[in-house]
Amino acid sequence: MKNCLKHFLKGAFVFALTVTATQNISQAVTAIDRVVAIAGKEVITQSQLDRIIRSRKDAGNPVLASDERWKILKQLIEEQLLIQEAGRKGISVSEEELEFALKDIEKRNKIPNRETLKQAVAQDNMSWNQYVKDLKNQIMAIKLLGREVRTTVSLSDQDIKTYYHEHPEIFGLPDRVKITQILLRIPKGISEAFEQQIKEKAETIYKEAHSGTDFIQLVLEYSEGREKNQEGDLGFFKKGDLTPKIDAEIFRLKEGQITAPIRTPLGIHIFKIEKQEIGKMRPFDTVKKRIKEKLITEETNALRSQWISDLWKRSFVEIK
């Protein structure tokens, strides 16, 4: 419960937790709560940074490398800059939006009611007021990024089609064949003489098939496979679906051709290639939505990174 509450909204940030200082701060506490960075009009203290670091350790990271600590501090700075920028642009959070977010948290984390959520927050050593304040800040940041970044994303139908045609390895369908089989089973433990008789029978059937005897007729007369009732129809297969030995045979033949007898642990197989389908592209309409979502996500992430980089440049940031 504790860990899931640290991820309030999809795509949201983990915000710094402010520390309420007492009027009489001892020298020891001052040393712990020193300022580690200034982001715009706000300071980020050591205790804030330590709190996030402890939460990461609680989540299963017992030791954080120095570069991880820097990433956390950078994140805290960016969060403060976003909050302040949202305030300057008049972005606020209504009670309806806040309530919607709280209900979403309860639903996704299977929390039955508000009182249970408050208890979970308290177990995480956080006041309810602070929790709500942090949540509001997150919503403000999301609204800000939505206004400044998502609305600038430009994607045309031609962009989607271009991506589709340039990535056949993603949207192409593999070659596949439809096969029927005659199976002569070879029970385990039989004598070599008996096995030889079965092999000779398979050769005879193979010659009959090549001489023009209807393959389905041979299936119904000789096959011992379960698919005999379906006239030997095994359906469609693509490369890799079957054993390498069978794959090599059926994919080198053309439609209508018959394989020589193939020995496997089941017995002896004779396959006929009923139909060949050369790989082609999946219909554009069936993948258009997926491509669009992918391209929007990629462009949004790129624009977001650039926008935040520009925000850093025009803001006052000092790291102690």
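The values are calculated or read from the model by the stated rules, or taken from the named source; none is laboratory data. What you see is a predicted model, and the numbers here were worked out from it, not measured in a lab. Note that we place each Cβ from the backbone using ideal geometry, even for glycine, and neighbour counts take in every protein chain shown.
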>> Can you go through Glu255, Glu221, Glu274 and tell me which one is assigned to a helix (DSSP H, G or I) and either not polar (S, T, N, Q) or not assigned by TED's automatic domain parsing to the domain that holds Ile182 (or both)?
In response: Glu221
>> Given the condition within 21 Å of Arg51 (Cα to Cα) and without any contact (Cβ under 8 Å) to a residue 40 or more places away in the chain, answer yes or no: does some residue in segment 73-85 qualify?
In response: yes
> So which helices (runs of 4 or more DSSP H) stay within segment 1-107 end to end and still have 3 or more residues that are outside the structural domain of Gln123 (by TED's automatic domain parsing) and modelled with pLDDT under 55?
Replying inline: none
> Any residue in segment 280-297 that is more than 30 Å from Val149 (Cα to Cα), assigned to a strand (DSSP E or B), of a type outside the set (Val, Ile, Thr) and modelled with pLDDT under 95?
Replying inline: yes
> How many residues does segment 141-194 contain that are under 30 Å from Glu79 (Cα atoms) and at pLDDT 90 or above?
Replying inline: 2
> Condition test on Val177, is it closer than 30 Å to Ile278 by Cβ and surrounded by 14 or more Cβ atoms within 10 Å (Cβ to Cβ)?
Replying inline: yes
> Within the set of pairs 6+ apart or on separate chains, which have a first residue in segment 194-215 that is under 16 Å from Gln181 (Cβ atoms) and touching a residue at least 24 places away in the same chain (Cβ under 8 Å), a second that is aromatic (Phe, Trp, Tyr) and assigned to a helix (DSSP H, G or I), and C-beta atoms under 8 Å apart?
Replying inline: Ile205/Tyr222; Ala209/Phe215
> Counting only residues that are loosely packed, with under 13 Cβ neighbours inside 10 Å and touching a residue at least 24 places away in the same chain (Cβ under 8 Å), which one in segment 282-318 is nearest to Arg34 (Cα to Cα)?
Replying inline: Glu318
>> Given the criterion touching a Lys or Arg at 6+ places or on another chain (Cβ under 8 Å) and surrounded by 12 or more Cβ atoms within 10 Å (Cβ to Cβ), identify the matching residue among Leu253, Leu220.
In response: Leu220
> Out of curiosity, is Ser315 part of a loop (DSSP other than H, G, I, E, B) and out of contact with any Phe, Trp or Tyr (no Cβ under 8 Å at 6 or more places or on another chain)?
Replying inline: yes
>> Based on this model, can you work out whether Ser211 counts as loosely packed, with under 11 Cβ neighbours inside 10 Å and either within 30 Å of Leu303 (Cβ to Cβ) or at pLDDT 90 or above (or both)?
In response: yes
>> Being touching a helix residue (DSSP H, G or I) at 6+ places or on another chain (Cβ under 8 Å) and either β-branched (Val, Ile, Thr) or not in a helix (DSSP H, G or I) (or both) is true for just one of Ile216, Ile179, Ile198. Which residue is that?
In response: Ile179
> Restricting segment 113-130 to residues that are assigned to a helix (DSSP H, G or I) and in contact (Cβ under 8 Å) with a residue 12 or more places away in the chain, which is nearest to Ser92 (Cα to Cα)?
Replying inline: Gln130
